[in-house]
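Here's the structure we're looking at; comments come further down.
The values are calculated or read from the model by the stated rules, or taken from the named source; none is laboratory data. From a predicted model like this one, the values you see are computed outputs, not experimental measurements. Counting neighbours? That spans all protein chains shown, and the Cβs are built from the backbone with ideal geometry, glycine included. Just so you know, the surface numbers come from the protein's heavy atoms only, side chains and all, with ligands and any DNA or RNA stripped out. Shrake-Rupley method; radii C 1.70, N 1.55, O 1.52, S 1.80 Å.
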Amino acid sequence: MTKILGERFTVLSVNHPMGNYLEALYHTGYYYTMIGVLQVAAALLLLIPRTALLGALLYFPIIFNICILSLSVRFEGSFVTSLLMVLANLYLLCWYYPTWKLILPIKHETAPAALPRWKELNTKFPAMFFAGVGVAVALVMVWFFYGYELMPYNSLKQCQTQCPETDYPAACFNFCDCIHQNGQSLAKCLEAYELSKE
């Protein structure tokens with residue numbers, strides 16, 4: 001709704017990689033508004049059982065884009081949640097596969113029923129599903145905490161809190177300054193960090 005109302009999505013500094021991206025996105029005019037409209041439309045469609053498949057199809061490219069963006073700039077605000085939302089959306093698309101597979105360019109012998117009936121479902125499903133969800137959440141959390149050597153975090157102070165725990169504290173402090181004080185790109189700051197470790 002913030003996007004539809006034409007307001008800024010965040011108060012991150014433009015020196016932060018995500019803040020820089022969102023500020024540029026904000027200045028795209030009606031493109032920014034259109035993204036908000038599509039997000040709200042997808043949410044409403046997902047809430048109605050009859051239109052949930054359409055909502056999942058509409059939402060998948062949106063959340064996949066947000067996930068890739070969050071991972072590429074190491075944005076802690078949606079680093080974990082966006083990845084879990086992609087997994088949830090993939091689950092919905094898999095659940096509705098009997099319905100949408102008919103549009104794929106593969107040979108179909110007969111048109112199946114839209115969705116499996118409750119009587120046709122296996123009783124092992126809930127246990128397997130929740131075990132899979134637990135494993136997925138655990139893997140995402142492990143990746144979040146141990147997948148990257150450095151994170152830019154949302155502010156200089158937050159970024160600097162990770163430095164005493166690293167093997168190269170001085171290089172880490174320089175990395176944080178590079179991002180939050182100098183406004184350099186994440187790639188350039190990581191390159192400088194690697195060079196300063198040597």
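What is the one condition in (1) within 21 Å of residue 85 (Cα to Cα); (2) aromatic (Phe, Trp, Tyr); (3) open to solvent by 50 Å² or more (accessible area, probe 1.4 Å) that residue 75 does not satisfy?
(3)
Scan the stretch 163-181 for residues that are closer than 20 Å to residue 19 by Cα, of a type in the set (S, T, N, Q) and surrounded by 13 or more Cβ atoms within 10 Å (Cβ to Cβ) and jot them down.
Within the stretch 163-181, just 174 meets the criteria.
Just checking, does the stretch 15-22 include any residue being closer than 25 Å to residue 189 by Cα and not in a helix (DSSP H, G or I)?
Yes, the stretch 15-22 has at least one match.
Can you name every residue in the stretch 45-65 that is in contact with a helix residue (DSSP H, G or I) (Cβ under 7 Å, 6 or more places away or on another chain) and free of Cβ contacts under 8 Å to residues at least 12 places away in the same chain?
51, 54
Checking the condition farther than 20 Å from residue 185 by Cβ, open to solvent by less than 50 Å² (accessible area, probe 1.4 Å) and assigned to a helix (DSSP H, G or I), which residue from 93, 25, 57, 38 passes?
93
Looking only at residues in the stretch 140-162 that are part of a loop (DSSP other than H, G, I, E, B) and without any contact (Cβ under 8 Å) to a residue 12 or more places away in the chain, which one is surrounded by the fewest Cβ atoms within 10 Å (Cβ to Cβ)?
Across the stretch 140-162, the extreme among qualifying residues is 161.
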